[in-house]
Structure formats: structure tokens, C-alpha cells
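Just so you know, all these numbers are worked out from the coordinates, no wet-lab data involved. What you are looking at is a predicted structure, and each value in this text was computed from that prediction instead of being measured. Note that we place each Cβ from the backbone using ideal geometry, even for glycine, and neighbour counts take in every protein chain shown.
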Amino acid sequence: MELLNKLNWRYAAKAMNGEKVSEEKIDRIIEAARLAPTSSGLQPFEIIVVKNQAIKEAIKPVSWNQSMITDCSHLLVFAAWDNYTEERINKMFDLTNDVRGFKNEGWENYRQMLLGSYPQRDPEENFNHAAKQAYIAFSAAIIAAAFEGVDTTPIEGFDPDAVDKILGLREKGLRSCVLLPIGYRDTEKDWLVNLKKVRKSTEDLVTVVE
Ligand SMILES: Cc1cc2nc3c(=O)[nH]c(=O)nc-3n(C[C@H](O)[C@H](O)[C@H](O)COP(=O)(O)O)c2cc1C
């Protein structure tokens, strides 16, 4: 299957060569993230696309000095909502009503159920829930990039508080949770490029319940 070939080609690039990725490809990768499913359809995150080299340079030292941060073409920062508020929940439910052009009793009851539970919870619990949703979109972006023949490195090795400061995320009610440099692998410099992919066996991963 073509997609599986591309997923076998994909790996977490440890060195990128600075080559630019076309805006058309970047748009399709971001569109895949936008189309990702999320719990209750809330999409509780934003994606910051860093093209500015000086900002990438500022992020690198707070990201374990990983070279992909500055040698990528575009750096995607997935930033989750710091909390679920009534306003944020209502905005997404209202958007659904606007797009579909009608109100539905079941949907409105569901809205009230979320309004009666999420905003009252600990903000940290809400952020963690929102971050999980961001990771789904993050994964969709990685797969879409591979489909485009573009490399990525998923990056959790960074100081989120420092990145939040650099990008002014807290002021917007956002907290960075994961980074995704997008670019092209540097086959000369990357120690990982020719190593075999390591995955546990399907038997160890999957239990079938007949
Ligand atoms: C959420 C997440 C965070 C990761 N953080 C880093 C990172 O900070 N630096 C890095 O070089 N690789 C990072 N990786 C890459 C993983 O080590 C890599 O995906 C894994 O070893 C599987 O190898 P492959 O992706 O090359 O097939 C991360 C991967 C994921 C999914």
C-alpha cells in the first residue's frame, strides 16, 4: 500500500538541510491537521507556523539545541488551550450550528453537559485533555508530510515555558505542547537515515478479541 511505503520511508529526521518546503505542501500538511478529529469537535489548540529564522534561533537553545529547529523550513508549534472556558466551548458549538444551518436538541443538550463539567475542572486537567487533542492533529501532520515526501521531527525535547514566552502564548490562553520542524533530511549529516526502523511486533502490539 502506497501510504505504508511512505510511512516506512518516514523517520524522525535528526538533521535537516535548510531547503525550503513549498507553501502548497505546507498548506496541505496543515489542512490534514485541521481535519483531524478531536474530542467533541472542540479543536482545543492552535498551530503556530514559525518561518522567521530569528525566532527559530531563539527557540533552539530552549529545545536541547536540536539542529532541526533552525535547519527546518517551517517550524510548527502545537499550542493547546490552557483551559476549557464557557466562551471557548460555546464558540465551537455555535460554529457547528452556523455551518450546518440548524439547531439540534441533542447537540444543545450535549453542549449543556460539557458546560456543566469542563469549565469547573482543574485547569491543568483541562490543559492535559486539550494537549491530547493537539497530539492527534500533530500525528495527522506527520503522516501528511510523509505523504508529501517531506521530512519532520516530532519534538517533545524542549522547555514549554520558554517557548511560550518567546511566542507570547500564555497571553493568548495557549501553552505549547509539541513541536514539529518540517523540512528535508540531510542525508550526509543524519546518523539515523540509514538505520533500520525499530518497532515491536504486531503480536506484541495487538490483541485480537474474537
Ligand atoms: C511525541 C514525540 C516526541 C519526540 N521528541 C523527540 C525529540 O525531542 N527529539 C528527537 O530527536 N526525536 C524525538 N522524537 C522521535 C522519536 O524518538 C521517534 O519517533 C521514535 O524513536 C521512532 O522512530 P522513527 O520516528 O524514526 O520511526 C519524538 C517522537 C514523538 C512521537
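Over its Cα atoms, what ratio of radius of gyration to 2.2 N^0.38 Å does region 75-128 give?
1.31
Which helices, counted as full DSSP H runs in the chain, have an axial Cα extent of no less than 18 Å and a Kyte-Doolittle average of 0.0 or above? Walk me through the intermediate numbers first.
On the way: long enough: 86-100 (21 Å, -1.16); 123-147 (36 Å, 0.39).
Counting only whole DSSP H runs, the qualifying helices are 123-147.
Using DSSP to define loop residues, name the trypsin sites (Lys or Arg not before Pro) in region 120-210 whose beta-carbon has at most 10 other beta-carbon atoms within 10 Å.
196, 197, 199, 200
What is the sum of charges around residue 194, taking Lys and Arg as +1, Asp and Glu as -1, for the other residues whose C-beta is under 13 Å from the C-beta of residue 194?
+2
In Å, what Kirkwood hydrodynamic radius results for region 63-210 from the alpha-carbon pair distances?
After inverting the mean inverse Cα-Cα distance, the result is 18.5 Å.
So what is the relative contact order of region 1-125, in percent, for Cα pairs below 8 Å that sit 6 or more residues apart?
27 percent
For the chain, what does the helix formula give at 222 nm: sum of -39500 (n - 2.57) over DSSP H segments with n ≥ 4, over the residue count, nearest 500 deg cm²/dmol?
It lands at -13500 deg cm²/dmol.
Only sites in a loop by DSSP and with at most 16 other Cβ atoms within 10 Å count here; which chymotrypsin sites (Phe, Trp or Tyr not before Pro) in region 120-210 make the cut?
Answer by residue number: 191.
Just subtract the alpha-carbon distance of residue 204 and residue 121 from 0.36 nm times their residue separation and send over the number in nm, one decimal.
Gain on stretching residue 204 to residue 121: 26.2 nm.
Along the Cα→Cβ direction, 7 angstrom out, place labels at residue 34 and residue 105. What is the inter-label distance in nm?
In this crude spin-label approximation the distance works out to 3.5 nm.
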